[in-house]
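See structure below.
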Amino acid sequence: MSWQMALEYIRTLIWPIVVLTLGFTFRRQLASLFGRVESVETPLGTIAFEKQADAVAQEAAEIESEMANELAAAQTLPEEKDTERNPTEEPTEKLKAARPASSSSGFAEIFELAETETTAAVLAAWREVERALKGAVAERGNRQVSPQTLYNKGLLTYELSRSVEDLRNLRNRVVHEGDILLTRSGARSYITAAERIVEALTLSQDPRFQALQYERSVTEALERAGLLHVHPGYRDDEFDAYGQTASGTVVAVDVRFRRRGVLKIRDIEEVVSKLPSMASNVLIVTNAPLSTEVRDFNRTYEDRPRCEVVQWQSDEDTPLLTRSIGRLAG
């Protein structure tokens, strides 16, 4: 090999060697520098993360707005027949919408944290969501707070449960997968999404909205249980829904939502008193435990039209609906 060729090899290799040597020598300084870079040398995963967080924030804001509108509409109706009132509680306060403020002090602190500790800010924002989830189920005696479980129990809408699940998946990407470089902008997007979801979860704790959500869940469960042509009753109607059994028997459905306590026999006396003048069988569905008197009523009532009372809390109880529908069809 001639000296000219050797010189060309040296010229070709010298700069990569120099760069590697400098990189190894100043590796700590370079790591600190790149830790402050937001837009340069950012992996594509960061861009996708931020866009996904923005999408969750937008969807959660739309859900919260829709929930607030439903709650406002519900307040124009007379007081629910299945709502237990506290004698010391003013009706105007009970029906007042609990729309949360646009930004809580807790989230304000998390936004500040995102300026210096992006990962810690994301984790803090998710903890606020978990706290709101636990608050949404605390009065219902539930311990599991997974979005799917809460949806199955009728405590969350499908859309809200999906948004919570999306936010949890983004959090897991940051903590477990490590496929993104979390920027301040991405962290702020995540915190905004968490804040919107917490606002929606706060609204979901309103008794009037919980009653509406439970009624929707019962209607869907009735269809899965085999009741055909299920449709809601009119606003001035005495029943919440109607449907037909496979044999063509009309069934009127009365939904009784309770935040606490048991369903007592006095709760169904009004319905029972109307049975002789009705052409439809009646199915009373409640989330509350049945009192001993109500259980005795189910066992001993043989008049026509028929009346059944069922406790339904989740899809695990749907076979009870199927069995009652079968009895009402006979």
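Number of residues in segment 177-213 that are among the aliphatic types (A, V, I, L, M) and not in a helix (DSSP H, G or I) equals 3. Among the residues making up segment 276-314, those that are in contact with a Lys or Arg (Cβ under 8 Å, 6 or more places away or on another chain) and under 24 Å from Glu223 (Cα atoms) are Asn281, Val282, Ile284, Val285, Thr286, Asn287, Ala288, Arg306, Glu308, Gln313, Ser314. The set of residues in segment 259-317 that are in contact with a Gly (Cβ under 8 Å, 6 or more places away or on another chain) and acidic (Asp, Glu) is empty. Pairs are defined by a Cβ separation below 8 Å, a sequence spacing of at least 6 or placement on different chains, a first member in segment 51-77 that is at pLDDT below 80 and in a helix (DSSP H, G or I), and a second member that is of a type in the set (Lys, Arg) and open to solvent by less than 60 Å² (accessible area, probe 1.4 Å); the pairs so defined are Leu71/Arg208; Ala74/Arg208.
None of Val230, Val251 is in contact (Cβ under 8 Å) with a residue 60 or more places away in the chain, closer than 23 Å to Gln311 by Cβ and either among the aliphatic types (A, V, I, L, M) or touching a Cys at 6+ places or on another chain (Cβ under 9 Å) (or both) except Val251. Looking only at segment 281-292, decide whether some residue is over 18 Å from Glu238 (Cβ atoms) and in a helix (DSSP H, G or I). Yes, the conditions are met somewhere in segment 281-292.
Being under 15 Å from the mean Cα position of the chain (by Cα), touching a residue at least 40 places away in the same chain (Cβ under 8 Å) and open to solvent by 30 Å² or more (accessible area, probe 1.4 Å) is a property that does not hold for Arg173.
Filtering Asp303, Asp296 for residues that are over 30 Å from Thr149 (Cβ atoms), free of Cβ contacts under 8 Å to residues at least 12 places away in the same chain and surrounded by fewer than 18 Cβ atoms within 10 Å (Cβ to Cβ) leaves a single hit, Asp296. Close Cβ contacts (under 7 Å, 6 or more residues apart or on different chains) running from residues in segment 109-134 that are within 15 Å of Asn169 (Cα to Cα) and open to solvent by less than 10 Å² (accessible area, probe 1.4 Å) to residues that are charged (D, E, K, R) and at pLDDT below 95 comprise Val122/Arg171.
Does segment 180-188 contain at least one residue that is under 16 Å from Glu50 (Cα atoms), open to solvent by 40 Å² or more (accessible area, probe 1.4 Å) and β-branched (Val, Ile, Thr)? Among the residues of segment 180-188, not one is under 16 Å from Glu50 (Cα atoms), open to solvent by 40 Å² or more (accessible area, probe 1.4 Å) and β-branched (Val, Ile, Thr), which makes the answer no.
Within this structure, Leu321 fails the test of being touching a helix residue (DSSP H, G or I) at 6+ places or on another chain (Cβ under 8 Å) and part of a strand (DSSP E or B). In summary, Ala288 fulfils each of the numbered conditions (1) surrounded by 14 or more Cβ atoms within 10 Å (Cβ to Cβ); (2) farther than 24 Å from Gln210 by Cα; (3) small (Gly, Ala, Ser) with the single exception of condition (2). Quick check on segment 293-306: of everything there that is part of a helix (DSSP H, G or I) and not charged (D, E, K, R), which residue is nearest to Val230 (Cα to Cα)? By that ranking, first place goes to Asn298. Applying a threshold of 8 Å to beta carbon distances and a minimum spacing of six or more residues, or different chains, the list of pairs starting in segment 311-325 at a residue that is under 14 Å from Arg295 (Cβ atoms) and ending at one that is of a type in the set (A, V, I, L, M, F, W, C) and in a helix (DSSP H, G or I) reads Gln311/Leu320.
The values are calculated or read from the model by the stated rules, or taken from the named source; none is laboratory data. What you see is a predicted model, and the numbers here were worked out from it, not measured in a lab. So basically every Cβ, Gly included, is an ideal-geometry build from the backbone, and we count neighbours across all protein chains shown. Areas reflect the complete protein model, heavy atoms only, side chains present, ligands, DNA and RNA absent. Shrake-Rupley method; radii C 1.70, N 1.55, O 1.52, S 1.80 Å.
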